Amino acid sequence: MNIADIRKDYTLHELSESNLLSDPIAQFQLWFQQAIDAQVNEPNAMTLATVNAAGIPSARIVLLKGIEQHSFVFFTNYKSQKGNELAHNKHAALVFFWPELQRQIRIEGTVEKISEEASVAYFKSRPFESQIGAVVSAQSSKIENREVLEKAYEKMKNECQETAIQKPENWGGFSIKPTKIEFWQGRASRLHDRLCFVYENENWTLNRLAP
Ligand SMILES: Cc1cc2nc3c(=O)[nH]c(=O)nc-3n(C[C@H](O)[C@H](O)[C@H](O)COP(=O)(O)O)c2cc1C
């Protein structure tokens, strides 16, 4: 199989200035609903890019868990690689790719930790097993082998009541306040639509970008 031969023409939809909402968050919510309606696989999975103190970027998938006060919220371990990088550099980027709709959304912005109360409330809403998983995993640190992790999980599962698990101090939510949101719609002949909102002087301005 020749990887270079894999290509796809995009012809499903168009994106024009006239069918774009003036508020990019509302436009995001509209496309998100359309992704759900189109049964996109894991529509809330997004690539999160961060940059470390030396300026070296890294990226991974996390799950969008809500939009609060115009900001995109996800949960993680604050001491993980991404958590440490965000502690040094608050600038982050998100990418959604919804192949079933031939759409991409790119977001850039700055992160803040959400309130402790909101993190506790979300932690409590998670399944018991996921709560234990968060407690026993020092995310991104080196571990001896898988057994160490499974033993810690089983021990806690056997010793703890379902209601007794406390949210670890170093686990919680981040919210990304966007300063740029680009909507990308695949089109034929690589003449894709790119409509990009930038937040300047407390207003969103819109530009069309070359594909
Ligand atoms: C579909 C999917 C969803 C994920 N969701 C999350 C998430 O919401 N939070 C999280 O911390 N990691 C999530 N992960 C794991 C991350 O991609 C990553 O492996 C982990 O957070 C460690 O990243 P880091 O070492 O860069 O901090 C998810 C992975 C996948 C594939």
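Computed from the coordinates by the stated procedures, all read-outs in this text should not be read as laboratory data. Computed from a predicted structure; not experimentally measured. As a convention, Cβ positions derive from the backbone with ideal geometry for all residues, glycine included, and neighbour counts pool all protein chains shown.
Tabulated data for the structure shown
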read-out: Residue list for region 146-167, filter: surrounded by 14 or more Cβ atoms within 10 Å (Cβ to Cβ) and in a helix (DSSP H, G or I); value: Leu149, Ala152, Tyr153, Met156, Lys157
read-out: Output for region 89-130, where each listed residue is among the polar types (S, T, N, Q) and touching an Asp or Glu at 6+ places or on another chain (Cβ under 9 Å); value: Gln104
read-out: Every pair of residues 6+ apart whose Cβ atoms lie under 8 Å, when the first sits in region 14-31 and is more than 12 Å from Gln185 (Cβ to Cβ) while the second is assigned to a helix (DSSP H, G or I); value: Leu21/Gln27; Leu21/Leu30
read-out: Count of residues meeting criterion [more than 10 Å from the ligand (Cβ to nearest atom), touching a helix residue (DSSP H, G or I) at 6+ places or on another chain (Cβ under 7 Å) and at negative phi] in region 56-97; value: 2
